[in-house]
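Below is one structure, written out as structure tokens, with a few remarks after it.
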Amino acid sequence: MKARLVAFGNLQLEGERYQRDVTIEAGRVRRRHKGPSKARRGEFGHTPLTSAEEIPWGGSRLIVGTGADGALPVASDIYDEAKRRGVRIEAVPTRDACRLLAELDPHDVYAIIHVTC
């Protein structure tokens, strides 16, 4: 899947530009709805990624782009749920996540990509 962080807050996937966090499930891109995780913002100082969100658990690996500076917190409940499901999580800065996506066929991509911080 062709992916790159064009600039802070600006992601390009398969030629389409996105200025919001996205969730990718088997190549289908949609906006990340982080509202369910906002309740834990005070705990992290930033809205984290938590299992309260709709997570694309369909593959054996979940790629999490943690932002331009790698600052997106990933709550421990995500890791717990991944372990329970047998899913490996790769949480890396978004530029690195884009490189991982580039190695995959879009239908094999399960990811959450944060485009700022």
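Bear in mind that the values in this text are calculations on the coordinates, not laboratory data. All values derive from a computational prediction rather than experimental measurement. We place every Cβ from the backbone using ideal geometry, glycine too, and count neighbours over all the protein chains shown.
Structure notes:
- For segment 51-117, the gyration tensor built on C-alpha atoms gives an oblate shape. Its axis ratio a/c (a ≥ b ≥ c) is at least 1.5, and a/b is not larger than b/c.
- Theoretical ellipticity at 222 nm over the chain - DSSP helices of four or more residues, -39500 (n - 2.57) apiece, nearest 500: -5000 deg cm²/dmol
- Note on 110, 18, 79: ascending count of other Cβ atoms within 10 Å places them as 79, 18, 110, the fewest first.
- Length-normalised contact order of segment 3-114 in % [C-alpha pairs under 8 Å, at least 6 apart]: 33
- Put in line by how crowded their Cβ is, counting other Cβ atoms within 10 Å and starting with the fewest, 33, 46 read 33, 46.
- At q = 0.12, 0.16, 0.20 Å⁻¹, base-10 log of I(q)/I(0) for the chain (Debye sum, equal scatterers on each alpha carbon): -0.36, -0.66, -1.05
- Expressed in Å, the radius of gyration and Dmax of the Cα atoms of segment 4-52 are 12.6, 36.
- The label-point distance for residue 116 and residue 38, in a model that sets each label 7 Å from Cα toward Cβ, rounds to 1.3 nm.
- Residues 5, 104, ranked from the fewest to the most other C-beta atoms within 10 Å, line up as 104, 5.
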